[in-house]
Amino acid sequence: QVRLVESGGGSVQAGGSLKLSCARSGIIFSSCGMAWYRQAPGKEREVVTSISSDGTTTYSDFVKGRFTISQDNAKKNVYLQMNSLKTEDTAVYYCAADVQARLDIPICGRYWGQGTQVTVSS
């Protein structure tokens, strides 16, 4: 059973920094990648950044140059370093993992964390 536990959210002033963490647990057979999404009130969920099993990263334009995604060697933890935060970054941030959780089904499935609130004030 795959679980994702997020931490690091909170309230910061505009221009400040925050680092989110996501810890994965449970038995898996392979990892296809991990990602961070966010959803602000009244808005659709959007992808922020992702990292594949080989370390390839992607960033949405609205965070490029400010946010950095990283993972440990075991790919059990993923981090989101957020710098130069803006009020429009305020949202619930979700960790997502694409993992193979069944030996007999060699396909990665999507698993989600519970979300952590990030509030940026002016």
Practice problem: Rank these by accessible area, largest first, 1.4 Å probe: SER52, SER84. | Solution: SER84, SER52
Quiz prompt | CYS32-SER121 pseudo-label distance in nm [points 7 Å out on the Cα-to-Cβ vector] | solution = 4.1
Quiz item: Nearest-5 percent of antiparallel DSSP beta bridges in the chain?
Solution: 90
Quiz item: Which one of GLY10, GLY65, TYR94 has its Cα pushed farthest toward the positive end of the charge dipole of segment 1-100, where Lys and Arg give +1 and Asp and Glu give -1 at the Cβ?
Solution: GLY10
Self-check item: Environment charge of GLN1, counting only residues whose C-beta is closer than 13 Å and scoring Lys/Arg +1, Asp/Glu -1
Solution: +3
Self-check item: Most mobile of ASP54, ASP72, ASP104 in a GNM of the chain (Cα contacts under 10 Å)
Solution: ASP104
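Would you mind telling me the share, in percent, of accessible area of the chain contributed by carbon and sulfur at probe 1.4 angstrom? Intermediate values should be presented prior to the final figure.
Values: 3190 of 6510 Å².
Summing carbon and sulfur atoms, their accessible area is 49 percent of the total for the chain.
Within the set of other residues whose C-beta is less than 15 Å from the C-beta of SER84, count the net charge using Lys and Arg as +1 and Asp and Glu as -1.
Numbers: positive: LYS19, LYS64, ARG66, LYS86; negative: ASP61, GLU88, ASP89.
Overall, the nearby charge balance is +1.
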Exercise. For SER11, SER50, write out the residues from largest to smallest accessible area, computed with a 1.4 angstrom probe and no ligands counted.
Key: SER11, SER50
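Given R₀ = 35 Å, FRET efficiency for ARG66-ARG102 by Cβ-Cβ distance, to 0.05?
Numbers: r = 37 Å, r/R0 = 1.06.
The formula returns an efficiency of 0.40 here.
Counting other Cβ atoms within 10 Å, keep those with at most 16, restrict to DSSP loop, and tell me which GluC sites (Glu not before Pro) in segment 16-122 are left. Walk me through the intermediate numbers first.
Details: sites: GLU44, GLU46, GLU88; in loops: GLU44.
Listed in order of number, the matching sites are GLU44.
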Self-check item: Gaussian network model of the chain, springs between alpha carbon atoms under 10 Å - residue of TYR111, TYR79, TYR93 with greatest fluctuation
Solution: TYR111
Quiz item: How much accessible surface does ILE69 have with a 1.4 Å probe, in Å² rounded to 10?
Solution: 10
Self-check item: Highest-MSF residue in the chain out of LEU18, LEU80, LEU103 [GNM, Cα springs under 10 Å]
Solution: LEU103
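Please report, in debye to the nearest 20, how large the charge dipole of the chain is about its Cα centre when each Lys and Arg carries +1 at its beta carbon and each Asp and Glu carries -1 there. Don't skip to the answer; put the middle values down first.
Details: 13 positive and 10 negative charges, 33 e Å.
Dipole of the chain, to the nearest 20 debye: 160 debye.
The values are calculated or read from the model by the stated rules, or taken from the named source; none is laboratory data. These figures come from a predicted structure and were not determined experimentally. Cβ coordinates were reconstructed from backbone atoms using ideal geometry, including for glycine residues, and neighbour counts include every protein chain displayed. Just so you know, the surface numbers come from the protein's heavy atoms only, side chains and all, with ligands and any DNA or RNA stripped out. Shrake-Rupley method; radii C 1.70, N 1.55, O 1.52, S 1.80 Å.
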